[in-house]
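Undergrad: Just dropping this structure here.
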Amino acid sequence: MRIIFFAGKGGVGKTSVAAATGIKAAEAGHRTVVMSLDVAHSLSDIFDLNKSLIDEERGNLTKIRKNLWIQELDIQEEIEKNWGDIHKYLSTLLNTTGLDEILAEELAILPGMTEVSLLLHINRYVRTKKFDVILLDCAPTGESLRFISIPTTLDWYMKKIFKVERTIARYVRPLAKRLSDVPLPGEDYFDAIEFLFERLRGVDEILVDPEITTVRLITNPEKIVLKETQRALMYFSLYKMSIDAIIMNRILPDSVSETYFKDWKKSQKDYIKKAENYFSPIPLFPVNLFRGEVLGFDSLKALADQIYRDRNPLERFYDGEPYSFVKVNGKYQLRVKLPFIGKGDVELNKISDELIIRVGSFKRHVMLPRQVAASNSVKAKLEGEYLSVHFES
Ligand SMILES: Nc1ncnc2c1ncn2[C@@H]1O[C@H](COP(=O)(O)OP(=O)(O)OP(=O)(O)O)[C@@H](O)[C@H]1O
Ligand SMILES: [Mg+2]
């Protein structure tokens, strides 16, 4: 089983690269699905498929070639299938607060439901071994970071909040009914959450297992795009995910010699050099700007050849470890690989067995193992690109 995320800023070429990789993997004989994690799907467009001719199966899974499927989720269908009781409660709640019924139903589709639905599919495919390869065409960076934070957040919610909430609701419900019109969630709602969580079990481990899952960041040789790629690398690292390649897309080829493009070519060269430094030792794969847009099977195949040349696209191109616990002189240290951040950017907060690491506006709860949970003092030191968290007893 192999899972690869294709992530990056809006418009850099994520969908094209994910689709191109899918073609290569399928041709090598692996049963491959390319899934869109973006609600604004463009997978079938990039394959230039005529949607009316697509033979749609359940969950919008479409076979397009031998060994190759694409999947573009329909959130309405997912809500009916996975979120029935949860959605029902939320829309009733919104409706009683005075909202129009249709609007309440629409608003009860919470951010995160699409992402969790996708995780459910991924987990099912892993459990049933339906596919050998799952390729994930991500939404632009911000949203895909929310996606990868969901398993940890849910785990935290289930461990810390869910049981308390359920118990409180059980006791307060009879009283609340007499005092207010606002309905408290019933047992159905809690059962549905528990059932969902059960079906998600294990997906968090799959996503951080570098033998199975890696992330490829797509970027372009431009200042703002590169900045965002660096940030993405840091956040994916924070979530323990392994980045195994950087794909530098849209490079003007040497054959472009018109003076009009002279400055563009020079600045691209500079940024490519800078990027090699930034991301080293993660390998950087250069890809030229094509003559026209990448569209349809043949140009996707040409794109795949440029990216991977004669390499196996499923190979893990880099296998560094972003997170590790070590013990030095009897004391524990947590080493977090956080490239590109200064010391002032990191804030630590330890509450009982949780360590909260803040990087800018992002936050991560780390459930500490027993050995360090009892520690009273936590200090952080930046050593190269590792944040080393020292636990004193
Ligand atoms: N190397 C390339 N040469 C020429 N055109 C390209 C190249 N890579 C991508 N494109 C074109 O750029 C456009 C955007 O590509 P794509 O849809 O893959 O980007 P994306 O990162 O998925 O965008 P979004 O963030 O909107 O999902 C498409 O029209 C695609 O055909
Ligand atoms: Mg896309």
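Undergrad: Only residues that are assigned to a helix (DSSP H, G or I), at pLDDT below 75 and not basic (K, R): list them for segment 168-190, please.
TA: P174, L175, A176, L179
Undergrad: Answer yes or no: is there a residue in segment 227-234 that is among the acidic types (D, E) and part of a loop (DSSP other than H, G, I, E, B).
TA: Kept after step one, since they are among the acidic types (D, E), are these residues of segment 227-234: 228.
From what is left, the residues that are part of a loop (DSSP other than H, G, I, E, B) are none.
No, because not a single residue in segment 227-234 is among the acidic types (D, E) and part of a loop (DSSP other than H, G, I, E, B).
Undergrad: Next question, about the same structure. Tell me, which residue of segment 364-383 that is modelled with pLDDT of 80 or more and of a type in the set (K, R) is nearest to S237 (Cα to Cα)?
TA: Residue satisfying both the conditions and the ranking: K381.
Undergrad: I'd like the full set of residues that are on the phi > 0 side of the Ramachandran plot and either touching a strand residue (DSSP E or B) at 6+ places or on another chain (Cβ under 8 Å) or assigned to a helix (DSSP H, G or I) (or both), limited to segment 61-104.
TA: N67
Undergrad: Looking at segment 255-263, is at least one residue touching a helix residue (DSSP H, G or I) at 6+ places or on another chain (Cβ under 6 Å) and aliphatic (A, V, I, L, M)?
TA: Among the residues of segment 255-263, not one is touching a helix residue (DSSP H, G or I) at 6+ places or on another chain (Cβ under 6 Å) and aliphatic (A, V, I, L, M), which makes the answer no.
Undergrad: May I pose another question? All but one of (1) of a type in the set (A, V, I, L, M); (2) in a helix (DSSP H, G or I); (3) surrounded by fewer than 20 Cβ atoms within 10 Å (Cβ to Cβ) hold for A18; which doesn't?
TA: (3)
Undergrad: Sticking with this structure for a sec: I'm trying to understand the selection: among the residues of segment 2-34, which are on the phi > 0 side of the Ramachandran plot and either more than 8 Å from ligand 1 (Cβ to nearest atom) or among the acidic types (D, E) (or both)? Break it down into steps so the answer makes sense when it comes.
TA: So the first thing to find is which residues in segment 2-34 are on the phi > 0 side of the Ramachandran plot, and the list is 8, 11, 13, 29.
Selection gives G29 alone.
Undergrad: Against the condition part of a helix (DSSP H, G or I) and within 16 Å of ligand 2 (Cβ to nearest atom), how does E165 come out, does it pass? It would help to see each step written out before you state the result.
TA: On the way: part of a helix (DSSP H, G or I): yes; within 16 Å of ligand 2 (Cβ to nearest atom): no.
No: the conditions fail for E165.
Undergrad: How many residues does segment 105-140 contain that are buried (at least 18 other Cβ atoms within 10 Å of the Cβ), of a type in the set (A, V, I, L, M, F, W, C) and part of a loop (DSSP other than H, G, I, E, B)?
TA: Of the residues in that region, 4 qualify.
Undergrad: For T219, are the conditions met, namely being touching a residue at least 60 places away in the same chain (Cβ under 8 Å) and under 22 Å from L387 (Cα atoms)?
TA: It is false that T219 is touching a residue at least 60 places away in the same chain (Cβ under 8 Å) and under 22 Å from L387 (Cα atoms).
Undergrad: A further question on this structure: Could you tell me which numbered condition E105 fails, if it satisfies all but one of (1) in contact (Cβ under 8 Å) with a residue 24 or more places away in the chain; (2) within 19 Å of A192 (Cα to Cα)?
TA: (1)
Undergrad: Check S144 against each of (1) within 16 Å of ligand 2 (Cβ to nearest atom); (2) among the polar types (S, T, N, Q); (3) out of contact with any strand residue (DSSP E or B) (no Cβ under 9 Å at 6 or more places or on another chain) and name the one condition it does not meet.
TA: Just one mismatch for S144, condition (3).
Undergrad: Checking the conditions here, which among E228, E211 is touching a residue at least 12 places away in the same chain (Cβ under 8 Å), under 28 Å from E315 (Cβ atoms), in the same structural domain as R291 (by TED's automatic domain parsing) and surrounded by 12 or more Cβ atoms within 10 Å (Cβ to Cβ)?
TA: After applying the criteria, what remains is E228.
Undergrad: Still on this model: Might you let me know whether segment 46-60 holds any residue that is crowded, with 21+ Cβ neighbours inside 10 Å, within 16 Å of ligand 1 (Cβ to nearest atom), touching a residue at least 40 places away in the same chain (Cβ under 8 Å) and not in a loop (DSSP other than H, G, I, E, B)?
TA: Looking through segment 46-60, at least one residue is crowded, with 21+ Cβ neighbours inside 10 Å, within 16 Å of ligand 1 (Cβ to nearest atom), touching a residue at least 40 places away in the same chain (Cβ under 8 Å) and not in a loop (DSSP other than H, G, I, E, B).
Undergrad: Do any residues in segment 307-318 that are over 12 Å from D244 (Cβ atoms) have Cβ atoms under 7 Å from those of residues that are at pLDDT 95 or above and crowded, with 18+ Cβ neighbours inside 10 Å, where the two are at least six apart or on different chains, and which pairs are they?
TA: As it stands, the answer is I307/V17; I307/A20; I307/I247; I307/F285; I307/V287; Y308/K24, since those pairs meet every condition given.
To keep it simple, each residue is scored yes or no on (1) out of contact with any Ser or Thr (no Cβ under 9 Å at 6 or more places or on another chain); (2) within 16 Å of ligand 2 (Cβ to nearest atom).
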| site | (1), (2) |
| --- | --- |
| F6 | no, yes |
| V17 | yes, yes |
| T32 | no, no |
| L37 | no, yes |
| L49 | no, yes |
| L73 | no, yes |
| Y89 | yes, no |
| T92 | yes, no |
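The values are calculated or read from the model by the stated rules, or taken from the named source; none is laboratory data. Worth saying up front: this structure is predicted, and the values here are computed from it rather than measured. Note that we place each Cβ from the backbone using ideal geometry, even for glycine, and neighbour counts take in every protein chain shown.
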